[in-house]
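Structure record follows, encoded as structure tokens.
The values are calculated or read from the model by the stated rules, or taken from the named source; none is laboratory data. Given the structure is predicted, the values throughout are model-derived calculations rather than measurements. Glycine also receives a Cβ, built like all others from the backbone with ideal geometry; neighbour counts cover every protein chain displayed.
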Amino acid sequence: MLARMLTRAMDAQGVWTKPLGDLVHRFLFWLFQGIPALRDMLVGRWLGHPLHAVLTDAPIGILFLVIVFDVIGNPAAATTTLVVGILTMLAAALAGFADYADTDGKARERATLHSSLMLLALLGYLVSLAFRLGSGSSASAGGVFLSVLSFLVLAAGAYVGGDVVYVLGNMVSRHAFRGAGTKWIALEPVEADGGEIPEGKLVKAKLGINTLVLVRQGEKILALHDTCAHAGGPLNEGKLLDGPVVECPWHSSRYRMADGLVVQGPSVYDQPAYEVRRREGGGWEARRQA
């Protein structure tokens, strides 16, 4: 019952999170599209894991320690810890904005609410720090109160952030539970002239319940799962670049066709790759690469 109440409360914020989110998203998308190396660093492509999820644990733990130090009567330690907590919040915010630049739909509305709460908490912590610095070596009642209040706002923002990931599946691997099978299955290309797959062109194909994207290089057929690991975009509708590399039409993630390695974000996960061979009696068959 509590979860339903909280969900309704978050949904009710759509009257302002949607227009604000659309406006902020346009700017951030333009910014990070122009600096792909910065985007890849902040989303965590080099780590193989979303960086924002890693960084958010630090400020929550550190800022809880501020309350602990206030309770045990050590204002100097509380102030120093607060400074470190604020710096880690700023680092997490940078990574979060990079993720936000490629977030759509309901997830963007939730992410707007999440980031607004986090910025409100950050503002509260900055005012708390000002009170503490102005009170010298003694603890400021206003600073302590604002730290506790800001932590409650921070916790609320973390709850909404969890909803973005765990409920709406933002920045998760779309293929996390897709196992690699050893069985060869008949492959049915949508486009095949006289049984041959056209060369140097992205081709959609069915492999049982899965959809693949293919490209032919001479006698070799390279194949990836068609659903982009980042947000589910159809790779067969994307661009074929030198390498060969396929670029997703939704957020411009790029994968190497030979093995599915992600070479450009915002995706941080590799794409499932498939082996393709000719089938006895004509046609093609494929299986997931180990």
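Tabulated data for the structure shown
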{"item": "Answer from Asp70, Asp11, Asp57, Asp40 - the residue that is of a type in the set (D, E, K, R), more than 30 Å from Ala176 (Cα to Cα) and in the same structural domain as Met118 (by TED's automatic domain parsing)", "result": "Asp70"}
{"item": "Condition check for Ile72: among the β-branched types (Val, Ile, Thr) and free of Cβ contacts under 8 Å to residues at least 12 places away in the same chain", "result": "yes"}
{"item": "Any chance Gly181 is surrounded by fewer than 18 Cβ atoms within 10 Å (Cβ to Cβ) and in contact (Cβ under 8 Å) with a residue 60 or more places away in the chain", "result": "yes"}
{"item": "Only listed residue being within 30 Å of Leu261 (Cα to Cα) and surrounded by 15 or more Cβ atoms within 10 Å (Cβ to Cβ), chosen from Ala121, Ala77, Ala107, Ala37", "result": "Ala107"}
{"item": "Evaluation of Thr56 against (1) under 22 Å from Met41 (Cα atoms); (2) in contact with a Lys or Arg (Cβ under 9 Å, 6 or more places away or on another chain) (one fails), failing number", "result": "(2)"}
{"item": "Near pairs, Cβ below 9 angstrom, 6+ apart or cross-chain, from the range 252-281 (on the phi > 0 side of the Ramachandran plot) to any residue that is surrounded by fewer than 16 Cβ atoms within 10 Å (Cβ to Cβ) and polar (S, T, N, Q)", "result": "Ser252/Gln33; Gly260/Gln289"}
{"item": "Which listed residue, of Gly134, Gly142, is more than 19 Å from the chain's Cα centre (by Cα), in the same structural domain as Arg108 (by TED's automatic domain parsing), exposed (fewer than 13 other Cβ atoms within 10 Å of the Cβ) and without any contact (Cβ under 8 Å) to a residue 60 or more places away in the chain", "result": "Gly134"}
{"item": "Test: Thr17 is of a type in the set (S, T, N, Q), in a helix (DSSP H, G or I), at pLDDT below 95 and crowded, with 20+ Cβ neighbours inside 10 Å", "result": "no"}
{"item": "Checklist (1) buried (at least 17 other Cβ atoms within 10 Å of the Cβ); (2) in a strand (DSSP E or B); (3) charged (D, E, K, R) applied to Lys206, failing item", "result": "(1)"}
{"item": "Verdict on Asp163 being charged (D, E, K, R), closer than 30 Å to Leu207 by Cβ and surrounded by 14 or more Cβ atoms within 10 Å (Cβ to Cβ)", "result": "no"}
{"item": "Qualifying residue in the range 189-201 (condition: modelled with pLDDT under 90, closer than 17 Å to Arg288 by Cα and assigned to a strand (DSSP E or B))", "result": "yes"}
{"item": "Matching option when the condition is at pLDDT below 95 and either surrounded by 15 or more Cβ atoms within 10 Å (Cβ to Cβ) or charged (D, E, K, R) (or both), among Asp57, Asp99", "result": "Asp57"}
{"item": "Qualifying positions in the range 240-266 - within 18 Å of Ala101 (Cβ to Cβ), among the hydroxyl-bearing types (Ser, Thr, Tyr) and in contact with a helix residue (DSSP H, G or I) (Cβ under 8 Å, 6 or more places away or on another chain)", "result": "Ser252"}
{"item": "Options Glu247, Glu219: the member that is touching a strand residue (DSSP E or B) at 6+ places or on another chain (Cβ under 6 Å) and surrounded by fewer than 21 Cβ atoms within 10 Å (Cβ to Cβ)", "result": "Glu247"}
{"item": "Test: residue in the range 170-183 that is more than 20 Å from the chain's Cα centre (by Cα) and at pLDDT 90 or above", "result": "no"}
